[in-house]
Every structure is written in C-alpha cells, then in structure tokens.
Amino acid sequence: MSLDYQFPKDFWWGSAASATQIEGSKNGGTGKTIWDHWFETSPNRFFDNVGPYQTSDFYHHYKEDIQSMQKMGHNTFRLSLSWARLIPGGEGKVNTEAVAFYNSVIDELIKRGITPFVNLFHFDMPMEMQEKGGWENKEVIDAFVNYAKTAFELFADRVKIWFTFNEPIVPVEGGYLYDFHYPNIVDAKQAIQVAYNTMIAHAKVTEAYHQYYKGKIGIILNLTPSYPRSNNPADLRASRICDLFFNRSFLDPAVKGEYPSELISLLKEYGQLPEKQNEDASLLKNNIVDLLGVNYYQPRRVKAKENIPNPYSPFMPEWFFDNYEMPGRKMNPYRGWEIYEKGMYDIMIDLKENYNNIESFISENGMGVQNEERFLSGKQRIEDDYRIDFIKEHLKWLHKAIEEGCNVKGYHLWTFMDNWSWTNAYKNRYGFFSVDLNTQKRTAKKSALWFAEVSKQNGFNV
Ligand code: BG6
C-alpha cells in the first residue's frame, strides 16, 4: 500500500552535526579553535557562560549514538572533522589520537549501515591559523588544502561523500560583518575578501579531491530565498541584491564556476572588489561541485530602503534593502526565525531551473526550542509534536519538488542529539534525542520515534 508521501527509493534519511558542537574540545590532544579562544577571553558572549568544552561528548559516546542512529533507520549521517583536532595548530604533525577516533567513528557508521558524509570545515578555524589572519592569508588556504589532502589520504578509502565547507557565508557574516563570531570585525571590504578566499580554498580542495579520488565532493550552503514585499520594482531590486549577496555569492561560483556579473558590477561601483589572482577564474570554472547540500531554516523578506543610507557610513549590504516583517508570519520565537515551509520548495525549483538541476539534498533543517523539559511526559520523554509538524510540513514541500523533477536525494535534520549551538550554547535544543548534560544520558524524543517510522517506510501518511 502506498503512502500519502512516498519518497524515492534510496532516499537519504539522516541527520547532521559538527565537530565543535558535539565532540567536547578538551578531549584527545586537540588543538585550540577560535571558539576556545573566544570563550576563554569573553565567556559573557555565550548563553549562560557555557563554552565549547561542555558538549554532548560524542568523543566518548559515539558508539552508543551511532547505534541509536541505526535503530532510528538512519542510512546517512553528516559529521565534520575538526581541523584543529586532526592537525593541532592547523599545520604540521597529525594527531594520531584524532586519526584513531575518526577511523573508529567512520568504521562504526559503516558497520551499522550508515553512509558517512564528511565535512571539512564547520566554523572552526584553528586559533593559530586565525592569528595568521584566517582566510585573509593565502598561507592559511594552503594549510587548509594540506589538511584536506591528509583527510582524504586517511579516510577516503571508506568515505565517498565529502564537503569542503558548511555555510561558508556564516563565518563571513559572523566574523567580519555582524559580530557574532570571532574575530568580531565589522568591515565589509575584509568580509568580501574572506568570502572570496573561502571559495578559492573550496575550489583548490575540490581540485585536489578530483585529482585522485572517485567519490563526490560538494559544499553545504545555507540558502535563504529572498522574498520582496511587493512587485514594485524598488522592492524587486532590493530582493535581487539580497539574493546576490547572501545566496548567489557562494552558490554561483560553487555550482556554475563563476560569480554573477551583477554582483561584480555592484562591488566594483562601490570600490569593494576583492583582490584576485589571474588563475582564480579558471580554478573556479574547472572545479564545480558534484553535490550541493542545502541548509534551510528561514526565508529572507525584504523591501526597498525607506531612507537613503548615510554616505559617510561604512559600506554594508544593508545599504540596498530593509528587512520586512511579513504580517501574519509563523515564527519560531525561541530562535527568532520565521518558519516558511514553502521556501524549501522554492529553493529546489530555483536549483532545477537555474542551476542545471544539480544533485542536492537538504543537509540541515530543524527547530531549536528553549526549555523543552516543559514537554516531558510521564514516560520522561519530550513530546515534541511541534518538531514533528515542522519536519512533516517541510517534507510535504520537498516531496512536491521531487514530483516536479527536482534532483533532491535526501533530508537530514539538524540534529541527532541536543548540541552546543555556538553563542546560544544550550539555549535552544534541536535534537531527536535530548541530552542530560550532567549525566550525558540520551533519551529519544517523540520526533525520533516518528522519524524512525518515516525512514523505515520511506515516507508517511498525513
Ligand atoms: C546552522 C549551522 O547554521 O544552523 C549549525 O550549520 C547550527 O552549526 C544550526 O547549530 C542552528 O543554528 P543555531 O545558531 O541555533 O545553533
């Protein structure tokens, strides 16, 4: 009997996590990242003063966690390697404890029938590399390429799906524009250089992979469709420029191998073009991705600017648009993000129509909720029906996209078990499993049981 929403055979059901958010950063001879440093120097910037040391300790619990993934019907799981763990300091000697740990995690996943998807960089710059200027410095790009090659040599015999970066725009926005990541710089010119150099690092790693290996390599982008307030040309322009800055700045070079000409003209007009090397254009052109991960949480709604920006204020993307609050919008009040399920479908249609229907999957989608203990049942389980509804409504739109021919291969929830959310620390919980931070006990939430059924049946009824 077929289900109301039946997904294609071999659809990827799973979840995603990142090294810094789950491993525990004092384990196993790891080096320091910008997160350790920032927490040591400014603990007040973190919710409840909780830093990256206190996590769900995947480092010691991975066997139990992977077993639970198997029970839940996961056929895929995305993790990231920590550069600072594998090569403390970012360059030089490989940490043998890290090699043993990641080998063991990868082997355990495979043993349990779960295909590992491995990402190389998830916001976690080694501190020594940041001290050299981070992505602004070409030596750091070279060190990153060496780290990637080391990872391929060590693990690519078993890992066949790789990603260079998770949401590369976020360290740009957080670290160089809006002050929510270290190094807390607010300078658009530097931000644009960092963004550009990140794409160069991405292309060099993609090139290195394709040279010797036969699996797939991609990038994971957080795409936020820009919806204009109206069809007024000024609103349309505002949304088009947002799309250029926040989506196409990474999507176009990753998938098409070149930057949108409108973005280049705009940056040129305002004197914001980054420094380039002659060989960059062909490097980008020859190293497009095999696979695209799409993280989707929220839409972006914009309108034309109400007031002309002060010409003496430093250049910012906000010179070209105002944010717009959609009347009647549905919100996740804890994270302050609008919930708009159709956005997922709109992204997929855009990829189909304008990006050669590149193979893609939803690499993150999820709902962080504060004080989830409120929803504990007599069985001591969190009854997160709101999360089930959230996933289901998104999956309906994803299903429609597939029916209309979009080349989307899977859905991963953020995240498997409650984890450390950067400056929000443990404020909002996203997991299928709750974690008691004192005992490290994991307990399946109601959504975990529901998702297990969905994965096993490859779909669901309404
Ligand atoms: C994505 C990131 O942006 O969203 C994750 O890839 C992050 O690292 C997730 O945790 C949820 O966002 P936040 O800020 O609430 O943790």
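Listed here are the residues, each with its yes/no results for (1) open to solvent by 10 Å² or more (accessible area, probe 1.4 Å); (2) small (Gly, Ala, Ser); (3) under 30 Å from Val205 (Cβ atoms).
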position: Leu291; (1), (2), (3): no, no, yes
position: Val302; (1), (2), (3): no, no, no
position: Asn310; (1), (2), (3): yes, no, no
position: Glu318; (1), (2), (3): yes, no, no
position: Asn323; (1), (2), (3): yes, no, no
position: Gly336; (1), (2), (3): yes, yes, no
position: Tyr340; (1), (2), (3): yes, no, no
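If you go through the stretch 310-329 one residue at a time, do you hit one that is closer than 24 Å to His412 by Cβ, free of Cβ contacts under 8 Å to residues at least 60 places away in the same chain and among the basic types (Lys, Arg)? So that I can check it myself, show each step before the final result.
Of the residues in the stretch 310-329, the ones closer than 24 Å to His412 by Cβ are none.
There is no residue in the stretch 310-329 that is closer than 24 Å to His412 by Cβ, free of Cβ contacts under 8 Å to residues at least 60 places away in the same chain and among the basic types (Lys, Arg).
Just one of the numbered conditions (1) closer than 24 Å to Phe163 by Cβ; (2) touching a strand residue (DSSP E or B) at 6+ places or on another chain (Cβ under 7 Å); (3) at pLDDT 95 or above is not true of Tyr5: (1). Applying a threshold of 8 Å to beta carbon distances and a minimum spacing of six or more residues, or different chains, the list of pairs starting in the stretch 2-26 at a residue that is within 16 Å of Met69 (Cα to Cα) and open to solvent by 10 Å² or more (accessible area, probe 1.4 Å) and ending at one that is modelled with pLDDT of 95 or more and in a loop (DSSP other than H, G, I, E, B) reads Trp12/Asn75.
Number of residues in the stretch 444-457 that are surrounded by fewer than 17 Cβ atoms within 10 Å (Cβ to Cβ) and not basic (Lys, Arg) equals 3.
Residues in the stretch 1-30 that are within 16 Å of Glu128 (Cα to Cα) and either among the basic types (Lys, Arg) or in contact with an Asp or Glu (Cβ under 7 Å, 6 or more places away or on another chain) (or both): how many?
The initial filter retains those residues of the stretch 1-30 that are within 16 Å of Glu128 (Cα to Cα), namely 25, 29-30.
Filter again for either among the basic types (Lys, Arg) or in contact with an Asp or Glu (Cβ under 7 Å, 6 or more places away or on another chain) (or both), leaving 25, 29.
Residues in the stretch 1-30 being within 16 Å of Glu128 (Cα to Cα) and either among the basic types (Lys, Arg) or in contact with an Asp or Glu (Cβ under 7 Å, 6 or more places away or on another chain) (or both): 2 in total.
Residues that are over 22 Å from Lys445 (Cα atoms) and among the hydroxyl-bearing types (Ser, Thr, Tyr) were ranked within the stretch 341-370; the one that is nearest to the ligand (Cβ to nearest atom) is Ser360. Evaluate the following for Val170: is it within 16 Å of the ligand (Cβ to nearest atom) and of a type in the set (Val, Ile, Thr)? It is true that Val170 is within 16 Å of the ligand (Cβ to nearest atom) and of a type in the set (Val, Ile, Thr). Annotation for the stretch 215-226: at least one member residue is more than 18 Å from Leu351 (Cβ to Cβ) and either within 16 Å of the ligand (Cβ to nearest atom) or open to solvent by 10 Å² or more (accessible area, probe 1.4 Å) (or both). Just one residue in the set Trp414, Trp420 is in contact with a Pro (Cβ under 8 Å, 6 or more places away or on another chain), within 16 Å of the ligand (Cβ to nearest atom) and at negative phi; that residue is Trp420. Scanning the stretch 18-56 for residues that are in contact with a helix residue (DSSP H, G or I) (Cβ under 9 Å, 6 or more places away or on another chain), at pLDDT below 95 and more than 22 Å from Pro168 (Cβ to Cβ) yields Gly24, Lys26, Asn27, Tyr53, Thr55, Ser56.
As for the stretch 140-161, it holds no residue that is at pLDDT 95 or above, assigned to a helix (DSSP H, G or I) and at positive phi. Of the listed requirements (1) assigned to a helix (DSSP H, G or I); (2) within 15 Å of the ligand (Cβ to nearest atom); (3) touching a residue at least 60 places away in the same chain (Cβ under 8 Å), Phe390 misses just one: (3).
Across the stretch 326-347, the qualifying residues are those that are among the aliphatic types (A, V, I, L, M) and under 11 Å from Tyr296 (Cα atoms), and the one among them that is farthest from the chain's Cα centre (by Cα) is Ile339. The residue that is modelled with the lowest pLDDT, among those in the stretch 402-440 that are of a type in the set (Asp, Glu) and surrounded by fewer than 22 Cβ atoms within 10 Å (Cβ to Cβ), is Asp436.
For the stretch 418-462, residues that are part of a strand (DSSP E or B) and under 24 Å from the mean Cα position of the chain (by Cα) total 7.
The values are calculated or read from the model by the stated rules, or taken from the named source; none is laboratory data. Because the structure is a prediction, the values reported are computed rather than measured. All Cβ positions, glycine included, derive from the backbone under ideal geometry; neighbour counts span all protein chains shown. For accessibility, only protein heavy atoms count, side chains too; no ligands or nucleic acids. Shrake-Rupley method; radii C 1.70, N 1.55, O 1.52, S 1.80 Å.
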